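Below is one structure, written out as structure tokens; the observations come after it.
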């Protein structure tokens with residue numbers, strides 16, 4: 001089975017996190033943390049900065065690694081690393097996603113998360129304090 005390596009951003013504003021809705025492919029309409037594939041020669045942080053620039057026209061600074069997820073989808077194995085990210089500039093303009101929302105801890109269950117993102121959601125839900 002093919003392995004796809006990705007980096008994802010947990011972007012926070014107060015007690016809310018930024019979530020995006022996929023606009024294409026077999027997982028269309030499911031929600032995820034923004035990010036994308038790690039290209040050959042890139043570090044996960046470099047890939048994340050590039051992907052957020054491409055997908056959201058925003059510059060971010062990846063901080064602490066908050067989760068690593070290994071998940072088997074039907075067609076591939078996903079290896080995902082998630083970083084706490086700070087917005088440096090830009091307005092999180094959607095270029096590839098169908099929709100986006102700021103979700104408070106209480107709203108995390110209000111969207112249908114991609115299976116691999118659920119463990120990150122669970123970690124955020126159980127984190128102490130905002």
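Any read-out appearing in this document is the output of simple, stated calculations on the displayed coordinates, not a laboratory observation. All values reported here derive from a predicted model rather than from experimental measurement. Using ideal geometry, Cβ is built from the backbone for each residue, glycine included, and neighbour counts are taken over all protein chains shown.
Structure notes:
- Modelled spin labels at residue 64 and residue 39, positioned 7 Å past Cα toward Cβ, are 3.1 nm from each other.
- Mean projected area of the Cα convex hull of the range 55-130, taken over all directions, amounts to 6.1 nm².
- For q = 0.22 Å⁻¹, Debye-computed log10 I/I(0) when each Cα of the chain counts as one equal scatterer: -1.55
- Relative contact order of the range 3-102, pairs being alpha-carbon contacts under 8 Å that are 6 or more residues apart, as %: 37
- Mean-position separation - Cα centroids, the range 24-41 and the range 64-119, in angstrom: 9
- DSSP bridge pairs, the chain: antiparallel proportion in percent, nearest 5: 70
- Candidates 38, 66, 11: whichever shows maximal mean-square fluctuation once the chain is modelled as a Gaussian network with Cα springs under 10 Å: 66
- Distance in nm between pseudo-label sites at residue 15 and residue 94 (7 Å out along the Cβ direction from Cα): 2.5
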